[in-house]
Amino acid sequence: MMEPLTTLLVQYGLVLVLLNVFLVQAGMPVPAVPTLIVAGALAAGNGPSVLAIIGVAVIGSLVGDSIWYAAGRIYGMRVLRLLCRISISPDSCVRETETRFLSWGPVSLIFAKLVPGFATVAPPLAGASGIKCGRFIVYSALGAALWAGLAVGAGRLFFRQIDWLLDKLAQMGVYALVFLGCALVLFVGIKYYERRRFFKALRMARISVDDLYGLIEAGASPVIADVRSSSAREMDPRRVPGAIPIDVHNLDAQLSKLPPDSDIIVYCT
């Protein structure tokens, strides 16, 4: 079963790399690094050249990134919220990405693909923050070349070990595919369980929009804290009426100044 797959990589390696990288940058939960590593190893033999592999990887990455960049320019922060609904770590990906992007600026796009969870969220954030298209393409292309180059280079450097591994998987036949499939299912299952457990813990501490509105209509006066970043407030100036802007990096000190006998509602991006 593994031999036909290796043959496919030799014959259609560039197409498979292009498609795989595009799907990853488009947001699909499929790995691209193993494909790039194997393609790099095959480049030592009858496979496509290293430069060709990196080139098509950059093209596939730019196409996927450009789609999210355009969506960010059109829809702003709403795109990030959509991404974080389908992310493995939805409650932290926007905040962490914003922090990195604000700290490093557009140059962060060069290293985005090396940081887990950053690669898919950075392009729409760049679009929402108004980064010019030409600048985005240059930084994104450099980032894709660095990311793909490291993976392909590793495959080219350790091609003997990878060839040995592929031979072992070929000897296992269909059992190799079953093993890899089970490993993938186990990984997704663990992440899904952690996500469900996290949501269950948070659900008891959360309040819906309707419940908050009903609380205010009933005469209660909860303190509403807007802990979004300054850039998020600029990109989406809408806010809950009466909300107090609070710097999340100085949250404890600022919350300590609020009335201790009041309900405190905190909301973020």
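The values are calculated or read from the model by the stated rules, or taken from the named source; none is laboratory data. What you see is a predicted model; the values in this text were computed from it and never measured. With ideal geometry, Cβ positions are generated from the backbone for all residues, glycine too; neighbour counts draw on all protein chains shown.
General observations
- If only residues of segment 65-92 that are surrounded by 19 or more Cβ atoms within 10 Å (Cβ to Cβ) and at pLDDT below 75 are counted, the one that is nearest to A122 (Cα to Cα) is L80.
- Failed item in (1) modelled with pLDDT under 85; (2) assigned to a helix (DSSP H, G or I), with M28 passing the rest: (2)
- In segment 232-264, of all residues being closer than 30 Å to R73 by Cα and assigned to a strand (DSSP E or B), the one that is nearest to the chain's Cα centre (by Cα) corresponds to P245.
- Boolean, A44 is outside any helix (DSSP H, G or I) and at pLDDT 75 or above: yes
- Look at segment 140-159: where a residue is crowded, with 17+ Cβ neighbours inside 10 Å and a partner is among the acidic types (D, E), sitting 6+ places away or on another chain with Cβ atoms under 7 Å, you get S140/D65.
- Put simply, of G149, G117, G130 the only residue that is within 22 Å of the chain's Cα centre (by Cα), in a loop (DSSP other than H, G, I, E, B) and modelled with pLDDT of 70 or more is G130.
- Hey, L62 assigned by TED's automatic domain parsing to the domain that holds S140, over 20 Å from R135 (Cα atoms) and at pLDDT 75 or above or not: no
- Look at (1) more than 19 Å from the chain's Cα centre (by Cα); (2) at pLDDT below 75 and you find that I37 fails only one, number (2).
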